[in-house]
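Single-structure report; data block below.
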């Protein structure tokens, strides 16, 4: 877990529609409350519509005025192919890229379409692929490794929310 004093989280669940369920906050987010909120998330209905998700994610980032100079990263996790056309996904991702928002795509299992996920990432970056039965903690670590491929510095917390040594990642 990475320290919300340094990282702000927002969560949007999506299926055939996209709904923000945890918003960015100007105040530090309580790690334990954030984890409880994630555990209680409802299962969205319908197929995961990536175009709808990207459009909603853009709105979420537009509403966040707390840290205008902070690096902005959208992590999209899916376990199914989207009903959206690849060109529509690419078009919906363009405003995020124009705003400097990095998109990290994560395909869980074999049913997600890597080709669709590549359309939302800069320079057709290869999506992160993980197995459905992989440990969620390991998946989280892989996602953060992907996020931190840029030049960022974050404080890392252990699973109890206690501070570990600062981690600096520079590629």
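The values are calculated or read from the model by the stated rules, or taken from the named source; none is laboratory data. Source: prediction; values computed, not measured. Note: ideal-geometry Cβ built from the backbone for every residue, glycine included; neighbour counts use all protein chains shown.
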Q) Across the range 133-167, what is the number of residues that are part of a loop (DSSP other than H, G, I, E, B), surrounded by 11 or more Cβ atoms within 10 Å (Cβ to Cβ) and modelled with pLDDT of 55 or more? A) 4
Q: Give the range 122-132 a look and list any residue that's under 16 Å from residue 80 (Cα atoms) and assigned to a loop (DSSP other than H, G, I, E, B), or say none.
A: 127, 131, 132
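Of the residues 127, 122, 136, only one is under 16 Å from the mean Cα position of the chain (by Cα) and farther than 23 Å from residue 61 by Cβ; which?
Details: 127 fails: farther than 23 Å from residue 61 by Cβ; 122 fails: farther than 23 Å from residue 61 by Cβ.
Result: 136 is the single residue among 127, 122, 136 that is under 16 Å from the mean Cα position of the chain (by Cα) and farther than 23 Å from residue 61 by Cβ.
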Q) Going by the conditions given, is residue 113 touching a residue at least 12 places away in the same chain (Cβ under 8 Å) and touching a helix residue (DSSP H, G or I) at 6+ places or on another chain (Cβ under 7 Å)? A) no
